[in-house]
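Read through the structure below, which is laid out as structure tokens, and then see the notes.
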Amino acid sequence: MPITGPGSFVPCLNLFLPHYEQVNTTLGAGGPLVLRNPNGPVPPTLNRANLETWRNDLQTQHTAIEGQINDWEIAGADLMDMKVALHLRAGQFNEKVRSQLAGTHFERALPVLPSPTDGQALFMKPMDDISTLWAKINAAVGIPGFTAPLLLMGGYTLAEFDTALGLLRGQFPTTTRAEFLVSYKIEERNAIQKLVYPTLKAYRLAVPTFFAADSPLVLTLPKLTPDPGSTPDPVNATGIWNAPTTQAKITWTLSPAADLEKYEIRWSPGSTYQSENEVVIGTVAAGGTLEFFTAQGLGQVGAVSVFKVYVLTTTGNERGSNVVKITRP
């Protein structure tokens, strides 16, 4: 399988490794084949073991990326749940003050509530206002018709509100860190991939210098790039937020490729699609239903995620669709 994207590096290395092993076996005492490092002076040379290490590291990185994406989605969902719960109590507080302290300066000091989809700065300011205002209300004396402390539905206290507020304050950096680590893990993967391609290119150049043009080892050299003119046409993809499933629904047109093997749905972190950072999140076999449901990157209201649908052929060639951007309402 030629290298056409991040998901193709491991399959491509899996083709080169047995070929490299056979080259070393055939060379016998004249081997093993050692390559000059095309990535820099340290180390000066590379061998098959380096390729195997990179293959294993890439497999580990792919697993780590998936795990980190899960952590990010869980953290984002927890953050939204905490914001919704606190927003509910904030609304109850405003209603309670308007009811029990109508006409007082406490009512006039009530903050305008944010939306649960607002960012940290916009969301936290009115929550902090409520905390300080609630404390002043509890400390107030001589208000006709009111006896402190102010309690919300179910006997909910200021202390409980402040505890929830503190937990929410801590969840923001937890979610931000989890999001950062997704990109960090992807860049760790990319760093390995940047070493692989030029090394495989150097290998393809080296083998014909040891064996004749009609040698089976030359004739069976794995391909590094797709054959010219073999890239399939892209499909046209669209996407919507599917409320009944609380997931995004991505659909695409049928590929006319006669050698179609499957479709891959890929996602890139952030709101702008970066092919070098894409991750495969699903596959649909040739002949399957041309749709895919996912909540990738859409764990909370207002979240934006970008996707592409790739056509993959049996020869290992691929082509990506247009970018599909979906916002969770």
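Results, tabulated for the structure shown:
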| quantity | calculated |
| --- | --- |
| Those residues of segment 4-56 which are charged (D, E, K, R), under 29 Å from residue 319 (Cα atoms) and surrounded by 18 or more Cβ atoms within 10 Å (Cβ to Cβ), in sequence order | 55 |
| Hey, residue 79 assigned to a helix (DSSP H, G or I), surrounded by 13 or more Cβ atoms within 10 Å (Cβ to Cβ) and either out of contact with any Lys or Arg (no Cβ under 7 Å at 6 or more places or on another chain) or assigned by TED's automatic domain parsing to the domain that holds residue 328 (or both) or not | yes |
| Subset of segment 103-140 [assigned to a loop (DSSP other than H, G, I, E, B), modelled with pLDDT of 95 or more and loosely packed, with under 13 Cβ neighbours inside 10 Å] | 112 |
| Residue 69 crowded, with 18+ Cβ neighbours inside 10 Å and either among the β-branched types (Val, Ile, Thr) or not in a helix (DSSP H, G or I) (or both) | yes |
| Condition broken by residue 170, with the remaining ones in (1) part of a helix (DSSP H, G or I); (2) not assigned by TED's automatic domain parsing to the domain that holds residue 129; (3) not hydrophobic (A, V, I, L, M, F, W, C) satisfied | (2) |
| Single residue of 66, 21 found to be more than 30 Å from residue 310 (Cα to Cα) and outside the structural domain of residue 302 (by TED's automatic domain parsing) | 21 |
| Some residue of segment 82-89 being touching a Ser or Thr at 6+ places or on another chain (Cβ under 9 Å) and either in a loop (DSSP other than H, G, I, E, B) or outside the structural domain of residue 136 (by TED's automatic domain parsing) (or both) | yes |
| Segment 243-281: number of residues that are in a strand (DSSP E or B) and either among the aliphatic types (A, V, I, L, M) or over 21 Å from residue 179 (Cβ atoms) (or both) | 14 |
| Residue count, segment 20-35 (criterion: in contact with a helix residue (DSSP H, G or I) (Cβ under 7 Å, 6 or more places away or on another chain) and either within 30 Å of residue 303 (Cα to Cα) or not in a loop (DSSP other than H, G, I, E, B) (or both)) | 7 |
| Count - residues of segment 203-228 that are more than 32 Å from the chain's Cα centre (by Cα) and either surrounded by 16 or more Cβ atoms within 10 Å (Cβ to Cβ) or of a type outside the set (Phe, Trp, Tyr) (or both) | 18 |
| Count - residues of segment 283-329 that are touching a residue at least 60 places away in the same chain (Cβ under 8 Å) and among the small types (Gly, Ala, Ser) | 8 |
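The values are calculated or read from the model by the stated rules, or taken from the named source; none is laboratory data. Computed from a prediction, not measured in an experiment: that's the story for all the values here. In this analysis, Cβ positions are derived from the backbone assuming ideal geometry, glycine residues included, and neighbour counts consider all displayed protein chains.
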